[in-house]
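*Asks:* Would you mind keeping the following structure in view while I ask a few things?
The values are calculated or read from the model by the stated rules, or taken from the named source; none is laboratory data. Note that the structure is predicted; figures quoted are calculated from it, not measured. We place every Cβ from the backbone using ideal geometry, glycine too, and count neighbours over all the protein chains shown.
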Amino acid sequence: MTDPVNHTILLLDIEQFGRRDDVEQAFMRRMLYSVLHETLRSAGVEPAEQRLEDRGDSVMALINATVPKARLLHALINETPTLLHANNRLAAAGARVRLRIVLASGEVAVQELGGALGGAVGWDLNQAFRLLDSTPLREALRHREGPCALAVSDALYQGIVRHGHGGLAPEAFHRVTVQGKEGEFPAWLHGAPAPDTPEPAPASTPTTTRALAAAPPPAPAAAQGAATFQFLGGTPTFGGNLIGGDQHVVSGGQVHGDVNTGNTVGGDR
């Protein structure tokens, strides 16, 4: 394996590639490489300054760090959409190409393996692929009428875009947070932000809860110590307690005999 060397990392991925049949996929791959080669040519990247690796529905280009990144960004912002539009005009609806694009930079080591294609490794390369597959970039392309969506790494934005090198407009980019396997990291998308996803409606109140909320408050309990006398026939009660013993009622409401409410009370009542 070679020692890590700083490269500019360019990744392009075809949207919804797996939904197409074999004939459409073959046509789309040819278009992908045609657009990539024309983009690199317009940015002044010589064949000796680039290393391409095929990834099926995507392609990776490792470009020498001596190639100005601002020039590459200008090509991706201006030339690539034009090239895609021109090619898509001649393609059937099912074979039109829309691309997610990432431009990043970092240390990449190359390990040539006998009988195998590829072998580039590096932390910055891994993060670039996380960005390529991220939800913010996918959503940006899904909500966009144009044929591509471009994201750049935070390091490239801070070093090139933020300073307006090559006439780049920093205000044309907006910051997003990407959730990678190793944690969150910032990146920058070119173009207007995708519409915010509407928040889910609050859960409806259960019927039982609504019924309880609408029910009138319970009547207050009788004051403690208040006495009630009930006599509707049968055994009389006093304050809810059984009155035992003989009871005699005479005119004037005077009770003769013993009244038992749990305790025996003697005397006139």
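*Asks:* Please name all residue pairs, on different chains or six or more residues apart, with Cβ atoms under 8 Å, provided the first residue is in the stretch 51-65 and is in a loop (DSSP other than H, G, I, E, B) and the second residue is among the hydroxyl-bearing types (Ser, Thr, Tyr).
*Replies:* Within 8 Å, the pairs are 65/8; 65/105.
*Asks:* Related question: Which residue pairs have Cβ atoms closer than 6 Å, lie 6 or more positions apart in sequence or on different chains, and pair a first residue in the stretch 16-33 that is assigned by TED's automatic domain parsing to the domain that holds residue 80 with a second residue that is surrounded by fewer than 18 Cβ atoms within 10 Å (Cβ to Cβ) and assigned to a helix (DSSP H, G or I)?
*Replies:* Within 6 Å, the pairs are 24/94.
*Asks:* Give the stretch 34-67 a look and list any residue that's of a type in the set (Asp, Glu), at pLDDT below 95 and surrounded by fewer than 16 Cβ atoms within 10 Å (Cβ to Cβ), or say none.
*Replies:* Keep residues of the stretch 34-67 that are of a type in the set (Asp, Glu), which gives 38, 46, 49, 53-54, 57.
With the extra rule that they be at pLDDT below 95, the set shrinks to 53-54, 57.
53, 54 - these are the residues of the stretch 34-67 that are of a type in the set (Asp, Glu), at pLDDT below 95 and surrounded by fewer than 16 Cβ atoms within 10 Å (Cβ to Cβ).
*Asks:* Within the stretch 107-116, which residues are touching a strand residue (DSSP E or B) at 6+ places or on another chain (Cβ under 7 Å) and surrounded by fewer than 21 Cβ atoms within 10 Å (Cβ to Cβ)? If you could, list the steps in order and put the result at the bottom.
*Replies:* So the first thing to find is which residues in the stretch 107-116 are touching a strand residue (DSSP E or B) at 6+ places or on another chain (Cβ under 7 Å), and the list is 107-111.
Hits for the stretch 107-116 are 107, 109, 110, 111.
*Asks:* Based on this model, can you work out whether residue 39 counts as polar (S, T, N, Q) and within 16 Å of residue 65 (Cα to Cα)?
*Replies:* On the way: polar (S, T, N, Q): yes; within 16 Å of residue 65 (Cα to Cα): no.
No: the conditions fail for residue 39.
*Asks:* Go through the stretch 9-30 and report how many residues are touching a strand residue (DSSP E or B) at 6+ places or on another chain (Cβ under 6 Å) and β-branched (Val, Ile, Thr).
*Replies:* 1
*Asks:* Considering only the stretch 149-184, how many residues are over 15 Å from residue 103 (Cα atoms) and aromatic (Phe, Trp, Tyr)?
*Replies:* Qualifying residue count for the region: 0.
*Asks:* Among residues belonging to the stretch 82-103 that are free of Cβ contacts under 8 Å to residues at least 12 places away in the same chain and farther than 12 Å from residue 31 by Cβ, point out the one that is surrounded by the most Cβ atoms within 10 Å (Cβ to Cβ). Steps first, answer last, please.
*Replies:* Of all residues in the stretch 82-103, those free of Cβ contacts under 8 Å to residues at least 12 places away in the same chain come to 82, 86, 89-90, 93.
Subset that is farther than 12 Å from residue 31 by Cβ: 82, 93.
On the way: 82: 14, 93: 6.
Result: 82.
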